[in-house]
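Chemist: First the structure, which I've put down as C-alpha coordinates, then a few questions once you've had a look.
The values are calculated or read from the model by the stated rules, or taken from the named source; none is laboratory data. All values derive from a computational prediction rather than experimental measurement. Reconstructed Cβ throughout: ideal geometry from the backbone, glycine too, with neighbour counts over all protein chains shown. Accessible surface is based on the protein model in full, side chains and every heavy atom, while ligands, DNA and RNA are left aside. Shrake-Rupley method; radii C 1.70, N 1.55, O 1.52, S 1.80 Å.
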Amino acid sequence: MTQAQPTHTTHTAGRVRVLTGAKPTADLHVGNYFGAIKPAVEASLDPAKEMILMCADWHGLTDRAKILEPGKHTAGLLASYLAMGFSLEKNMIILQSEIPEIPEIAWYLSCVSAIGLLERAHAYKDALQSGKEPTAGLFNYPILMAADIVTFDAQIVPVGKDQLQHLEYASDMVKLFNNAVGRPVLFEPKALVQETQLLIGIDGERKMSKSYGNHIPLFAAKKDIEKRIKEVKTDSKGLDDPKDPETCAVWQILKSFGSKDAIDYMEDRLRKGTGYGYGHAKKDLMDEHERVFGSKRELYEHYLNSPREMAQLLAPSNSQARHIAATVRQRVRDALGLGIL
Ligand code: ADP
Ligand code: TRP
(Lines give C-alpha, C1' and ligand atoms only; values in the text may rest on other atoms or scores of the structure.)
(Ligands and ions follow the chains in the order given, each with its own letter.)
Protein backbone atom coordinates (compact mmCIF):
# COMPACT_ATOMS: atom_id res chain seq x y z
CA MET A 1 0.00 0.00 0.00
CA THR A 2 1.41 3.41 -0.89
CA GLN A 3 1.35 5.91 1.89
CA ALA A 4 1.24 9.71 1.90
CA GLN A 5 4.31 11.33 0.38
CA PRO A 6 6.00 14.41 1.83
CA THR A 7 4.51 17.65 0.56
CA HIS A 8 7.78 19.59 0.53
CA THR A 9 10.26 17.85 -1.71
CA THR A 10 13.23 18.94 -3.78
CA HIS A 11 11.62 17.90 -7.07
CA THR A 12 11.99 20.00 -10.18
CA ALA A 13 8.64 21.08 -11.64
CA GLY A 14 7.70 19.26 -14.82
CA ARG A 15 10.37 16.58 -14.51
CA VAL A 16 10.47 13.19 -12.94
CA ARG A 17 13.60 12.56 -10.92
CA VAL A 18 15.19 9.29 -11.95
CA LEU A 19 18.13 7.96 -9.97
CA THR A 20 20.40 5.21 -11.12
CA GLY A 21 23.49 3.79 -9.48
CA ALA A 22 26.49 2.08 -11.00
CA LYS A 23 29.39 0.52 -9.15
CA PRO A 24 32.80 1.43 -10.60
CA THR A 25 34.40 -1.65 -12.15
CA ALA A 26 37.22 -2.35 -14.55
CA ASP A 27 36.88 -3.13 -18.24
CA LEU A 28 33.48 -1.77 -19.14
CA HIS A 29 32.09 -3.91 -21.92
CA VAL A 30 29.35 -4.02 -24.55
CA GLY A 31 26.99 -5.78 -22.06
CA ASN A 32 27.39 -2.88 -19.60
CA TYR A 33 26.73 -0.44 -22.43
CA PHE A 34 23.57 -2.26 -23.46
CA GLY A 35 22.19 -2.84 -19.95
CA ALA A 36 23.30 0.30 -18.11
CA ILE A 37 25.09 3.05 -20.09
CA LYS A 38 22.82 3.30 -23.14
CA PRO A 39 19.55 3.50 -21.15
CA ALA A 40 21.06 6.18 -18.87
CA VAL A 41 22.34 8.22 -21.81
CA GLU A 42 18.93 7.99 -23.51
CA ALA A 43 17.11 9.00 -20.32
CA SER A 44 19.47 11.98 -19.94
CA LEU A 45 18.24 13.23 -23.32
CA ASP A 46 14.55 12.92 -22.35
CA PRO A 47 13.21 16.39 -21.42
CA ALA A 48 10.63 14.90 -19.04
CA LYS A 49 13.32 13.30 -16.88
CA GLU A 50 15.87 14.66 -14.48
CA MET A 51 18.53 11.99 -14.20
CA ILE A 52 20.89 11.51 -11.31
CA LEU A 53 23.56 9.02 -12.22
CA MET A 54 25.45 8.01 -9.13
CA CYS A 55 28.81 6.33 -9.26
CA ALA A 56 28.32 4.11 -6.20
CA ASP A 57 31.94 3.81 -5.11
CA TRP A 58 31.06 3.12 -1.47
CA HIS A 59 29.01 0.14 -2.62
CA GLY A 60 32.12 -1.24 -4.27
CA LEU A 61 33.97 -1.44 -0.95
CA THR A 62 32.04 -4.34 0.58
CA ASP A 63 34.67 -6.93 -0.33
CA ARG A 64 37.65 -6.47 1.99
CA ALA A 65 40.02 -8.23 -0.41
CA LYS A 66 39.10 -5.76 -3.14
CA ILE A 67 38.75 -2.60 -1.11
CA LEU A 68 41.29 -0.74 -3.27
CA GLU A 69 39.44 -1.48 -6.53
CA PRO A 70 36.60 1.10 -6.68
CA GLY A 71 38.97 4.06 -6.36
CA LYS A 72 40.89 2.81 -9.41
CA HIS A 73 37.85 2.54 -11.65
CA THR A 74 35.77 5.58 -10.80
CA ALA A 75 37.38 7.83 -13.41
CA GLY A 76 36.87 5.18 -16.12
CA LEU A 77 33.19 4.85 -15.29
CA LEU A 78 32.59 8.59 -15.32
CA ALA A 79 34.62 9.04 -18.52
CA SER A 80 32.61 6.28 -20.25
CA TYR A 81 29.23 7.85 -19.54
CA LEU A 82 30.48 11.27 -20.59
CA ALA A 83 32.14 10.00 -23.77
CA MET A 84 29.00 8.07 -24.75
CA GLY A 85 26.95 11.25 -24.57
CA PHE A 86 25.31 11.48 -21.14
CA SER A 87 23.88 15.01 -21.12
CA LEU A 88 24.67 17.14 -18.09
CA GLU A 89 22.42 19.94 -19.29
CA LYS A 90 19.57 19.17 -16.89
CA ASN A 91 20.98 16.07 -15.22
CA MET A 92 23.67 15.18 -12.73
CA ILE A 93 26.52 12.72 -12.52
CA ILE A 94 27.64 12.41 -8.93
CA LEU A 95 30.12 10.48 -6.89
CA GLN A 96 28.55 8.79 -3.89
CA SER A 97 31.64 9.34 -1.71
CA GLU A 98 31.30 13.11 -2.18
CA ILE A 99 27.90 13.16 -0.44
CA PRO A 100 28.31 12.92 3.35
CA GLU A 101 24.55 13.18 3.88
CA ILE A 102 24.16 9.63 2.50
CA PRO A 103 25.82 7.78 5.41
CA GLU A 104 24.04 10.03 7.91
CA ILE A 105 20.67 9.12 6.42
CA ALA A 106 21.77 5.48 6.17
CA TRP A 107 22.23 5.56 9.96
CA TYR A 108 18.67 6.76 10.49
CA LEU A 109 17.38 4.03 8.19
CA SER A 110 19.42 1.40 10.01
CA CYS A 111 17.73 2.43 13.24
CA VAL A 112 14.28 1.54 11.89
CA SER A 113 15.30 -1.61 9.97
CA ALA A 114 15.09 -5.05 11.55
CA ILE A 115 18.10 -7.30 11.20
CA GLY A 116 15.80 -10.04 9.84
CA LEU A 117 15.02 -7.88 6.81
CA LEU A 118 18.70 -7.67 5.93
CA GLU A 119 19.25 -11.36 6.65
CA ARG A 120 16.64 -12.23 4.05
CA ALA A 121 18.34 -10.21 1.27
CA HIS A 122 18.97 -12.49 -1.74
CA ALA A 123 22.12 -10.61 -2.72
CA TYR A 124 23.54 -11.06 0.77
CA LYS A 125 22.68 -14.76 0.88
CA ASP A 126 24.14 -15.29 -2.60
CA ALA A 127 27.34 -13.48 -1.61
CA LEU A 128 27.76 -15.74 1.42
CA GLN A 129 27.09 -18.81 -0.68
CA SER A 130 29.79 -17.80 -3.11
CA GLY A 131 32.28 -17.59 -0.25
CA LYS A 132 32.33 -13.84 0.38
CA GLU A 133 33.18 -12.76 3.87
CA PRO A 134 30.14 -11.51 5.78
CA THR A 135 31.39 -8.03 6.61
CA ALA A 136 29.00 -5.57 8.22
CA GLY A 137 29.34 -3.51 5.04
CA LEU A 138 28.03 -6.37 2.91
CA PHE A 139 25.19 -6.90 5.36
CA ASN A 140 24.26 -3.21 5.41
CA TYR A 141 24.47 -2.81 1.64
CA PRO A 142 20.67 -2.44 1.18
CA ILE A 143 20.55 0.33 3.78
CA LEU A 144 23.24 2.31 1.99
CA MET A 145 21.40 1.81 -1.28
CA ALA A 146 18.09 2.98 0.23
CA ALA A 147 19.92 6.03 1.59
CA ASP A 148 21.30 6.81 -1.92
CA ILE A 149 17.74 6.89 -3.14
CA VAL A 150 15.94 8.78 -0.38
CA THR A 151 18.69 11.39 0.04
CA PHE A 152 17.74 12.63 -3.42
CA ASP A 153 13.94 12.28 -3.17
CA ALA A 154 14.23 9.91 -6.14
CA GLN A 155 10.86 9.19 -7.75
CA ILE A 156 11.85 6.45 -10.16
CA VAL A 157 14.72 3.98 -9.87
CA PRO A 158 15.36 1.78 -12.92
CA VAL A 159 16.70 -1.58 -11.81
CA GLY A 160 17.46 -5.00 -13.14
CA LYS A 161 15.57 -7.92 -11.60
CA ASP A 162 18.55 -8.70 -9.37
CA GLN A 163 18.16 -5.33 -7.62
CA LEU A 164 14.39 -5.37 -7.25
CA GLN A 165 14.44 -6.69 -3.70
CA HIS A 166 16.74 -3.83 -2.71
CA LEU A 167 14.14 -1.40 -4.03
CA GLU A 168 11.40 -3.14 -2.06
CA TYR A 169 13.60 -2.76 1.00
CA ALA A 170 14.02 0.94 0.27
CA SER A 171 10.22 1.31 0.22
CA ASP A 172 9.91 -0.68 3.45
CA MET A 173 12.51 1.50 5.14
CA VAL A 174 10.74 4.68 4.02
CA LYS A 175 7.46 3.41 5.49
CA LEU A 176 9.12 2.32 8.72
CA PHE A 177 10.84 5.66 9.09
CA ASN A 178 7.79 7.76 8.25
CA ASN A 179 5.67 5.72 10.64
CA ALA A 180 8.25 6.03 13.39
CA VAL A 181 8.38 9.83 13.16
CA GLY A 182 4.63 10.06 12.60
CA ARG A 183 4.59 11.93 9.29
CA PRO A 184 5.74 11.57 5.70
CA VAL A 185 9.30 12.84 5.61
CA LEU A 186 11.09 10.52 3.21
CA PHE A 187 9.85 10.14 -0.35
CA GLU A 188 8.94 6.60 -1.37
CA PRO A 189 10.57 5.65 -4.69
CA LYS A 190 9.10 3.44 -7.41
CA ALA A 191 11.15 0.72 -9.03
CA LEU A 192 11.11 0.60 -12.80
CA VAL A 193 11.99 -2.97 -13.61
CA GLN A 194 14.03 -3.18 -16.77
CA GLU A 195 12.96 -6.07 -18.91
CA THR A 196 15.97 -5.84 -21.25
CA GLN A 197 17.42 -9.22 -21.95
CA LEU A 198 20.95 -9.97 -20.93
CA LEU A 199 23.42 -9.77 -23.77
CA ILE A 200 25.21 -12.97 -24.66
CA GLY A 201 29.01 -13.21 -24.46
CA ILE A 202 31.53 -14.22 -27.13
CA ASP A 203 31.25 -17.85 -25.98
CA GLY A 204 27.68 -17.73 -27.32
CA GLU A 205 26.53 -19.41 -24.11
CA ARG A 206 26.54 -17.26 -21.00
CA LYS A 207 25.70 -13.61 -20.42
CA MET A 208 28.51 -11.26 -21.33
CA SER A 209 30.43 -10.62 -18.10
CA LYS A 210 33.97 -9.78 -17.13
CA SER A 211 33.83 -12.54 -14.58
CA TYR A 212 33.38 -15.07 -17.40
CA GLY A 213 36.04 -13.42 -19.58
CA ASN A 214 33.60 -13.54 -22.51
CA HIS A 215 33.25 -9.79 -22.98
CA ILE A 216 34.03 -7.28 -25.69
CA PRO A 217 35.47 -4.10 -24.16
CA LEU A 218 34.24 -0.65 -25.12
CA PHE A 219 37.46 1.32 -25.33
CA ALA A 220 40.38 -1.13 -25.45
CA ALA A 221 42.97 -0.95 -28.25
CA LYS A 222 41.52 -1.73 -31.67
CA LYS A 223 43.61 -4.87 -32.09
CA ASP A 224 42.39 -6.27 -28.77
CA ILE A 225 38.79 -5.69 -29.73
CA GLU A 226 39.42 -7.27 -33.14
CA LYS A 227 40.89 -10.33 -31.41
CA ARG A 228 37.83 -10.65 -29.17
CA ILE A 229 35.42 -10.31 -32.07
CA LYS A 230 37.28 -12.97 -34.04
CA GLU A 231 36.76 -15.30 -31.07
CA VAL A 232 32.94 -14.98 -31.11
CA LYS A 233 31.64 -18.54 -31.27
CA THR A 234 29.62 -19.48 -34.34
CA ASP A 235 28.30 -22.74 -35.77
CA SER A 236 29.91 -24.55 -38.68
CA LYS A 237 27.69 -23.27 -41.50
CA GLY A 238 29.61 -22.51 -44.66
CA LEU A 239 30.01 -19.33 -46.67
CA ASP A 240 26.91 -19.83 -48.84
CA ASP A 241 24.60 -21.49 -46.31
CA PRO A 242 21.59 -19.54 -45.04
CA LYS A 243 22.20 -18.71 -41.37
CA ASP A 244 19.81 -17.96 -38.52
CA PRO A 245 20.54 -14.51 -37.00
CA GLU A 246 18.56 -15.38 -33.87
CA THR A 247 21.10 -18.05 -32.94
CA CYS A 248 24.11 -16.11 -34.20
CA ALA A 249 26.06 -14.43 -31.36
CA VAL A 250 27.69 -12.00 -33.82
CA TRP A 251 24.28 -10.58 -34.80
CA GLN A 252 23.00 -10.65 -31.21
CA ILE A 253 25.97 -8.57 -30.09
CA LEU A 254 25.60 -6.18 -33.04
CA LYS A 255 21.92 -5.71 -32.14
CA SER A 256 22.88 -4.40 -28.70
CA PHE A 257 24.64 -1.30 -29.98
CA GLY A 258 24.52 -1.06 -33.79
CA SER A 259 22.52 1.26 -36.02
CA LYS A 260 19.26 -0.04 -37.48
CA ASP A 261 20.87 -0.12 -40.93
CA ALA A 262 23.80 -2.20 -39.75
CA ILE A 263 21.51 -4.61 -37.89
CA ASP A 264 19.11 -5.01 -40.83
CA TYR A 265 21.95 -5.43 -43.30
CA MET A 266 23.60 -8.24 -41.35
CA GLU A 267 20.28 -9.95 -40.68
CA ASP A 268 19.47 -9.96 -44.37
CA ARG A 269 22.90 -11.17 -45.47
CA LEU A 270 22.94 -13.97 -42.89
CA ARG A 271 19.48 -15.19 -43.87
CA LYS A 272 20.33 -15.22 -47.56
CA GLY A 273 23.72 -16.71 -46.87
CA THR A 274 25.21 -16.51 -50.33
CA GLY A 275 28.70 -15.08 -50.20
CA TYR A 276 28.33 -13.93 -46.58
CA GLY A 277 30.12 -16.08 -44.01
CA TYR A 278 30.73 -15.54 -40.31
CA GLY A 279 34.08 -13.93 -41.17
CA HIS A 280 32.20 -11.20 -43.06
CA ALA A 281 29.76 -10.79 -40.19
CA LYS A 282 32.62 -10.38 -37.73
CA LYS A 283 34.26 -7.79 -39.94
CA ASP A 284 30.96 -5.86 -40.05
CA LEU A 285 30.63 -6.16 -36.27
CA MET A 286 34.15 -4.78 -35.88
CA ASP A 287 33.40 -1.85 -38.22
CA GLU A 288 30.26 -0.98 -36.30
CA HIS A 289 32.09 -1.26 -32.97
CA GLU A 290 34.71 1.12 -34.33
CA ARG A 291 32.04 3.53 -35.57
CA VAL A 292 30.08 3.58 -32.29
CA PHE A 293 32.82 3.22 -29.65
CA GLY A 294 36.11 3.68 -31.52
CA SER A 295 35.03 7.17 -32.54
CA LYS A 296 34.62 7.99 -28.83
CA ARG A 297 37.88 6.38 -27.68
CA GLU A 298 39.87 9.60 -27.92
CA LEU A 299 37.29 11.54 -25.94
CA TYR A 300 37.14 8.77 -23.33
CA GLU A 301 40.92 8.81 -22.97
CA HIS A 302 40.93 12.56 -22.84
CA TYR A 303 38.55 12.57 -19.85
CA LEU A 304 40.43 9.74 -18.23
CA ASN A 305 43.69 11.65 -18.45
CA SER A 306 42.24 15.00 -17.41
CA PRO A 307 40.77 14.41 -13.96
CA ARG A 308 40.72 18.12 -13.27
CA GLU A 309 38.67 18.84 -16.36
CA MET A 310 36.28 16.05 -15.46
CA ALA A 311 35.97 17.40 -11.91
CA GLN A 312 35.17 20.84 -13.33
CA LEU A 313 32.60 19.39 -15.67
CA LEU A 314 30.92 17.59 -12.79
CA ALA A 315 31.19 20.43 -10.27
CA PRO A 316 27.69 21.82 -11.02
CA SER A 317 26.23 18.31 -10.58
CA ASN A 318 27.98 17.98 -7.28
CA SER A 319 26.82 21.31 -5.92
CA GLN A 320 23.23 20.74 -7.07
CA ALA A 321 23.27 17.27 -5.52
CA ARG A 322 24.77 18.57 -2.28
CA HIS A 323 22.03 21.16 -2.12
CA ILE A 324 19.31 18.53 -2.51
CA ALA A 325 21.00 16.24 0.00
CA ALA A 326 21.35 19.05 2.56
CA THR A 327 17.65 19.92 2.20
CA VAL A 328 16.54 16.32 2.71
CA ARG A 329 18.94 15.88 5.63
CA GLN A 330 17.46 18.94 7.32
CA ARG A 331 13.93 17.62 6.77
CA VAL A 332 14.92 14.35 8.41
CA ARG A 333 16.74 16.00 11.31
CA ASP A 334 13.78 18.29 11.95
CA ALA A 335 11.45 15.30 12.02
CA LEU A 336 13.71 13.55 14.50
CA GLY A 337 14.14 16.66 16.63
CA LEU A 338 17.92 16.51 16.22
CA GLY A 339 20.53 19.18 15.74
CA ILE A 340 19.04 21.79 18.03
CA LEU A 341 22.36 23.58 18.53
P1 ADP B 1 29.90 -7.93 -14.99
O2 ADP B 1 28.91 -9.06 -15.07
O3 ADP B 1 30.75 -7.81 -16.19
O4 ADP B 1 30.70 -7.95 -13.70
P5 ADP B 1 28.43 -5.87 -13.69
O6 ADP B 1 27.76 -6.85 -12.81
O7 ADP B 1 29.48 -4.97 -13.11
O8 ADP B 1 29.03 -6.62 -14.96
O9 ADP B 1 27.31 -5.01 -14.42
C10 ADP B 1 27.05 -3.68 -14.23
C11 ADP B 1 25.71 -3.39 -14.93
O12 ADP B 1 25.86 -3.63 -16.35
C13 ADP B 1 24.60 -4.35 -14.48
O14 ADP B 1 23.84 -3.81 -13.45
C15 ADP B 1 23.76 -4.50 -15.72
O16 ADP B 1 22.83 -3.41 -15.77
C17 ADP B 1 24.73 -4.30 -16.85
N18 ADP B 1 25.14 -5.57 -17.50
C19 ADP B 1 26.24 -6.31 -17.21
N20 ADP B 1 26.34 -7.38 -18.04
C21 ADP B 1 25.28 -7.30 -18.86
C22 ADP B 1 24.79 -8.11 -19.95
N23 ADP B 1 25.46 -9.20 -20.34
N24 ADP B 1 23.65 -7.74 -20.57
C25 ADP B 1 22.97 -6.63 -20.17
N26 ADP B 1 23.37 -5.84 -19.17
C27 ADP B 1 24.50 -6.16 -18.52
N1 TRP C 1 23.36 -1.91 -5.94
C2 TRP C 1 23.38 -1.50 -7.33
C3 TRP C 1 24.07 -2.60 -8.18
O4 TRP C 1 24.76 -3.43 -7.65
C5 TRP C 1 24.12 -0.20 -7.53
C6 TRP C 1 23.49 0.93 -6.76
C7 TRP C 1 24.01 1.58 -5.69
C8 TRP C 1 22.22 1.52 -7.03
N9 TRP C 1 23.18 2.54 -5.27
C10 TRP C 1 22.07 2.55 -6.06
C11 TRP C 1 21.25 1.30 -7.99
C12 TRP C 1 20.93 3.34 -6.03
C13 TRP C 1 20.09 2.09 -7.95
C14 TRP C 1 19.93 3.09 -6.96
O15 TRP C 1 23.90 -2.60 -9.39
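Chemist: If the only charges are +1 at each Lys and Arg Cβ and -1 at each Asp and Glu Cβ, what is the size of the charge dipole of the chain around the Cα centre, to the nearest 20 debye?
Modeler: 220
Chemist: Could you look at the chain and say what percent of its accessible area is carbon and sulfur, using a 1.4 Å probe and all protein chains?
Modeler: Carbon plus sulfur share of accessible area: 54 percent.
Chemist: Moving to a separate point now. Check Met54: other-chain or 5+ apart residues with amide H under 5 Å from its amide H, H built from backbone geometry?
Modeler: It is Thr20, Gly21, Ala22, Ile94, by chain and number.
Chemist: In addition: For the stretch 51-65, take each phi angle, set θ = phi - 60°, evaluate the Karplus expression 6.51 cos²θ - 1.76 cosθ + 1.60, and give the result in whole Hz per residue in order, putting x for glycine and proline.
Modeler: Each residue's phi maps through the Karplus curve to give 8, 10, 9, 9, 7, 8, 6, 5, 5, x, 8, 6, 9, 4, 5 Hz.
Chemist: Loop only per DSSP, at most 16 neighbouring Cβ atoms within 10 Å: give me the GluC sites (Glu not before Pro) in the stretch 179-244, ordered by residue number.
Modeler: Details: sites: Glu195, Glu205, Glu226, Glu231; in loops: Glu195, Glu205, Glu231.
Passing sites in the stretch 179-244 are Glu195, Glu205, Glu231.
Chemist: Here's something else I'd like to know. Could you sort Asp240, Asp153, Asp224, Asp261 by their accessible area in this structure, using a 1.4 Å probe and putting the largest first?
Modeler: Details: Asp240 90, Asp153 0, Asp224 70, Asp261 120 Å².
Largest accessible area first, the residues go Asp261, Asp240, Asp224, Asp153.
Chemist: Can you tell me the accessible area per residue over the stretch 143-285, all protein chains present, probe 1.4 angstrom, in square angstrom?
Modeler: On a per-residue basis, 48 Å².
Chemist: Can you give the % of DSSP beta bridges in the chain that are antiparallel, to the nearest 5?
Modeler: Working: 2 of 18 bridges.
Of those bridges, close to 10 percent are antiparallel.
Chemist: Cβ under 9 Å from Arg322's Cβ, Arg322 left aside: what net charge do those residues give with Lys, Arg +1 and Asp, Glu -1?
Modeler: Combined, the nearby Lys, Arg, Asp and Glu give -2.
Chemist: Hey, got a sec? Which GluC sites (Glu not before Pro) in the stretch 1-103 land in a DSSP loop and have at most 14 other Cβ atoms within 10 Å?
Modeler: Loop-located and lightly packed - Glu89.
Chemist: Report, in degrees rounded to the nearest 10, the 0 to 90 angle that the Cα long axis of helix 307-336 makes with the longest principal axis of the chain.
Modeler: 40
Chemist: Give me a comma-separated list of calculated 3J(HN,Hα) values for the stretch 89-100, in order, Karplus coefficients 6.51, -1.76, 1.60 applied at θ = phi - 60°, integers in Hz, x for any Gly or Pro.
Modeler: Per-residue couplings from phi come out as 4, 10, 10, 10, 10, 10, 9, 3, 6, 8, 10, x Hz.
Chemist: Obtain the radius of gyration and the Kirkwood radius of the stretch 219-302 from its C-alpha atoms and give Rg over Rh.
Modeler: 1.00
Chemist: Could you pull out the chymotrypsin sites (Phe, Trp or Tyr not before Pro) across the stretch 157-230 that fall in loop regions by DSSP (anything but H, G, I, E, B) with no more than 11 other Cβ atoms inside 10 Å?
Modeler: Taking the stretch 157-230 and a limit of 11 other Cβ atoms within 10 Å, no loop chymotrypsin sites (Phe, Trp or Tyr not before Pro) are found.
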